[in-house]
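Nothing in this text is a laboratory measurement; each read-out follows from the coordinates by a stated rule. These numbers come from a predicted model, not from an experiment. Every residue, glycine among them, receives a Cβ derived from its backbone with ideal geometry; neighbour counts consider all protein chains shown.
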Amino acid sequence: MKNACRAFGAKIVEHEGFLEIQGIGQSFPHVQRVIRAHGSGLVFRIVTALASVQPSPVVVTGDATLRNRVMEPLLQALRELGADIESIVSENKAPVVNWGRGLKGGTCRLPGDISSQFITAILFAAPLAEGPVEIEVTGEVYSPSYIRQTLASLTEAGIKVSASEDLRHFQVEPSSYQAQDVTTREDYTSASYLLAAAALFPGRTVLTNVYGDSMQGEFAIVPILERLGVSVTFDRATSSLTVDNPPGSLCGDFEVDARDCPNIVPTLAALGAYVRGSLRVTGGRLTRFHKASRIEAMAAELTRAGVDIEVLYDDGICDGFEVRGARTYPGGVTLSSWGDHRIFMSLFVAGLRMRSANRFSGFEDVRLSFPTFLEEFARAGVRTAAVEEENAPAETVG
């Protein structure tokens, strides 16, 4: 995202612990450019929307996984607002060229049950349109916490935006972003891997730089651990979180609704492999639109490792899973990340309590969202080694 912002002309200076950003206001330079989102759907979607207000052509592209992601609802919504966007290779897929005709404003429609990133992308670009923008959302609204975070960010930046209580209707007036100091909070999706790992072993684990209250849906990992019998305590004075895991915890036999926390669905599958009884997760249908079909990926790989896990379907759509846990597993298997950083990190956690080291493909993918992932686990005593397997990099964990 930093490089994408620089491509628009923003100046970003990286200091120890913070970024200093000098924006461009609404003075977009007349320069043709190519912006690479690599494998990030969020970067592609936001940049594509912002490129619509540029006065000159912009190509937005990404890697092979990104080119298979669903983009049509966003592209169609931008066209409804006056953007001139064409797909370069496959219709309504990345890469795209935005011809720089601007956003006129008006009304667009977006589905609420594919990705909240579509709504976030339009909301970020809407203040820069020539006229007011209305967004109408059809279907059930998934991941509402992400939409509320977007609204809060816009309001703090001085944007005139309103939303209905059910998040099905939005109104954005033309307005300017105001400079401000922003403190980013802990990422509970990344924290979920550390928390799940702590829950697999008796004892105490302390996470630092954690503040305890969050608008993120993935904060749900905390009450889920508590339902499993794990104690989680926040200390605001030290900005830390303490996990106390007594012997005999991980008592399952309950259901989790993941409609507002889809990013921790793979983490819950890894954790569920060790519950006593079963863990049932539903409402995760959005994950089939992510880098990999995450429920199917976790079910396939955990089954290979000997875990009793069943994919659950709702109206023929992959919506969740039920996993019946065991104390441990033999290990010694090769597991695939399916090209998805969250699958790699979740399988990595699942492998920690297996009796033999496993091999994992795709360890390089963690650079997308958690570049210090392996270092954090090395600090906790986990041994890893890079290996070469079938001409592809892999990681062994023991």
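Is it the case that the range 173-180 has a residue that's closer than 28 Å to His290 by Cβ, of a type outside the set (Lys, Arg) and part of a loop (DSSP other than H, G, I, E, B)? The answer is no; no qualifying residue exists.
Restricting attention to the range 119-142, the residues that are farther than 15 Å from Ala163 by Cβ and not in a loop (DSSP other than H, G, I, E, B) total 4. Which of the following residues is part of a strand (DSSP E or B), farther than 27 Å from Ile159 by Cα and not small (Gly, Ala, Ser): Glu91, Glu86? Testing whether each residue is part of a strand (DSSP E or B), farther than 27 Å from Ile159 by Cα and not small (Gly, Ala, Ser) leaves just Glu86. Note on the range 94-111: residues that are in a strand (DSSP E or B) and over 18 Å from Ser40 (Cβ atoms) amount to 7. Given the structure, is Ile114 in a helix (DSSP H, G or I) and among the β-branched types (Val, Ile, Thr)? Answer is no for this residue.
Looking across the range 31-75, just one residue is over 20 Å from the mean Cα position of the chain (by Cα) and basic (Lys, Arg), and that is Arg33. Only one of the listed residues (Ser356, Ser337) is among the hydroxyl-bearing types (Ser, Thr, Tyr) and surrounded by 17 or more Cβ atoms within 10 Å (Cβ to Cβ). That residue is Ser337. Return yes when Ile317 is aliphatic (A, V, I, L, M) and either buried (at least 24 other Cβ atoms within 10 Å of the Cβ) or closer than 24 Å to Val387 by Cβ (or both) and no when it is not. Answer is no for this residue. For the range 188-238, what are the residues that are among the polar types (S, T, N, Q), free of Cβ contacts under 8 Å to residues at least 40 places away in the same chain and within 26 Å of Ile147 (Cα to Cα)? Selection gives Asn209, Ser214. There is no residue in the range 151-166 that is surrounded by 15 or more Cβ atoms within 10 Å (Cβ to Cβ), within 17 Å of the chain's Cα centre (by Cα) and assigned to a helix (DSSP H, G or I). The set of residues in the range 315-336 being over 30 Å from Ala37 (Cβ atoms) and touching a helix residue (DSSP H, G or I) at 6+ places or on another chain (Cβ under 7 Å) consists of Val323, Gly325, Gly331, Val333. Do we find that Leu374 is crowded, with 22+ Cβ neighbours inside 10 Å, part of a helix (DSSP H, G or I) and under 22 Å from the mean Cα position of the chain (by Cα) in this structure? No, not satisfied.
Per this entry, Gly39 is not counted among residues that are in contact with a strand residue (DSSP E or B) (Cβ under 8 Å, 6 or more places away or on another chain) and crowded, with 19+ Cβ neighbours inside 10 Å.
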